[in-house]
Amino acid sequence: MTEAFSNVGLLKFLLGLPAMKDLGSVALLALSKDAEGVVLKKGDLLYADEYLNRHLYLAEGEIELASDDAVLQVIKAGSDRAKMPLFRINTHGLKANSLKDAKFLSLNESTYEHYISQIKLDKENQQVSSITYQVSNDEAILIDEVRKEFNRNEVDLPSMPEIALKINKAVQDESLDIKAISMVVQNDPMISARTVQVANSAMYAGSQPVQTIQRAVQKIGLRAMRAIVMSVTIRNLYTAKSPLIKKRMQTYYHHSIRVAVISQTLAKKIKGFDPEQAFLAGLVHDIGVMPLLIKADNHDEIKNNPELLEKVIDDLRAIVGPILLKQWSFEHELILAAEEADIWDRDIIKADYCDIIQIAQILCEMLGGKHIDAPELKELPAYKRLELEHMNPKLIVAQAKQEMNELIHLLD
């Protein structure tokens, strides 16, 4: 099961890993000295519990990452996910099932941490300024520990499935080949079913129902397709164990859908904005909540304390969200929406998608959504930048409500 890498092949592979790009030659040679190759035949299993002191990277082949007999994701050699450690958090019970003959690079964790710790600290100081918490000392220490773990890359941020990555890149690159995208979508039964359902919903009412993926994608468009893929992806990124976290995940997901639909409705009425891009911005504006809930679900002090959970989310989501969207290669305007969605006094010249998200969040309150600690709607700088003086807020919400309820039903 153990096999050596050639010296040249090993160094080449190490230099291709994002985490290694800032390491010097001494560190790389030290890592190489302790490195091992791990080989699996098709059908073999590899258990995380057996590699608690090692970092594993998939160098060749294809594997399923699973927990409790549930497949979390498929990882292919050469993909962005393969360039990250195979097991990164919550390792107990995780396993890799080899779908093809596979080879892993195994690195000594203590050697890695010795050389990379200073780089992590430097990045942390650059990324995050100090935060003042209105909490007890013990809670403040706990929240600060969680913040540091995210900024040291010690927390396993959810990886976007391959299908979502492909569609995301195709739309951004304007490689709008509907036939090719349809073939990708067909490989995922859940997304295929949701695509056809949405294409035949009231949102895209037409004379005849569509029955093929290609016709469905043609009907709703690639940007909408991207939004649907992201909706399904976010909904299925993680299955919570704690009842509190499970309930909070559902609240988060439904809030994101509501903000997305209202944002889309607003964008249809404002010149210069793409409604589908506004939908996606609304969908991911609170994406930082997801990794925090995953972290909390495995942290006894947080998952059993609703008040502390909300404090962790309020303090850290605007930090974690942009980190995740950068990892997922999202556009700057969407990353900005996740970073500044709750900065109500943003001082910018030209209206942007984040402005739309801010208005949509406030309008969500009319539907019984969570209370937003924000200025009055007409006093909001975003409201003035978007020139919404002619807008009837109740009418906007009424127009969005039917689509919202239907979409939640379809994607749930």
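FYI, it's all coordinate maths here, none of it is from the lab. None of the values given here were measured: they were computed from a predicted structure. Using ideal geometry, Cβ is built from the backbone for each residue, glycine included, and neighbour counts are taken over all protein chains shown.
With a simple spin-label model that places each label point 7 Å from the Cα along the Cα-to-Cβ direction, the separation between N187 and D345 comes to 5.0 nm. Beyond 28 Å in Cα-Cα separation lie the following of the pairs K295/K401; K219/K350; K169/K401; K21/K166; K246/K311: K295/K401; K219/K350; K169/K401. Summary value for the chain: 12 percent relative contact order, contacts being C-alpha pairs under 8 angstrom separated by 6+ residues.
Our summary gives segment 229-295 a relative contact order of 34 percent, counting only alpha carbon pairs under 8 angstrom and 6 or more residues apart. Taking 19 Å as the straight-line reach from the Cα of K103, the lysines in range (excluding those fewer than 8 positions away in the same chain) are K12, K33, K41, K42, K76, K83, K95. About the centre of its Cα atoms, the chain shows a dipole size close to 1340 debye [charges on the beta carbon of Lys, Arg (+1) and Asp, Glu (-1) only; nearest 20 debye].
With a ≥ b ≥ c the root eigenvalues of the C-alpha gyration tensor of segment 311-387, is it rounded (a/c under 1.5), prolate (a/b larger than b/c) or oblate? In terms of gyration-tensor shape, oblate.
Remark: D177, D188 ranked as D177, D188, counting other beta-carbon atoms within 10 Å and listing the fewest first. Note on E307 and D34: the model spin-label points, each 7 Å out from Cα along the C-beta direction, lie 4.3 nm apart.
For the chain, complete DSSP H runs whose alpha carbons reach 18 Å or more along their own long axis and whose mean Kyte-Doolittle score is 0.0 or higher are 222-235, 306-327, 393-411. With helices as the sole contributors, the chain gives -17000 deg cm²/dmol at 222 nm; each DSSP H run of n ≥ 4 counts as -39500 (n - 2.57), and the sum is divided by every residue. Quick check: the distance between the Cα centres of segment 211-236 and segment 178-203, to the nearest angstrom? Between the Cα centre of segment 211-236 and that of segment 178-203, the gap is 5 Å. The packing ranking of peptides 351-357, 230-236, highest mean first, is 351-357, 230-236, where packing means the average number of other beta carbon atoms within 10 angstrom of each residue.
In terms of surrounding Cβ atoms within a 10 Å radius of their Cβ, H114, H332 rank from fewest to most as H332, H114.
Mean-square fluctuations from a GNM of the chain, with a 10 angstrom spring cutoff on Cα atoms, peak among N304, N187, N168 at N187. Answer rounded, prolate or oblate for segment 162-411, using the Cα gyration tensor with square roots of eigenvalues a ≥ b ≥ c: rounded when a/c is under 1.5, else prolate when a/b is larger than b/c, else oblate. Taking the square roots of the gyration eigenvalues as a ≥ b ≥ c, segment 162-411 is oblate.
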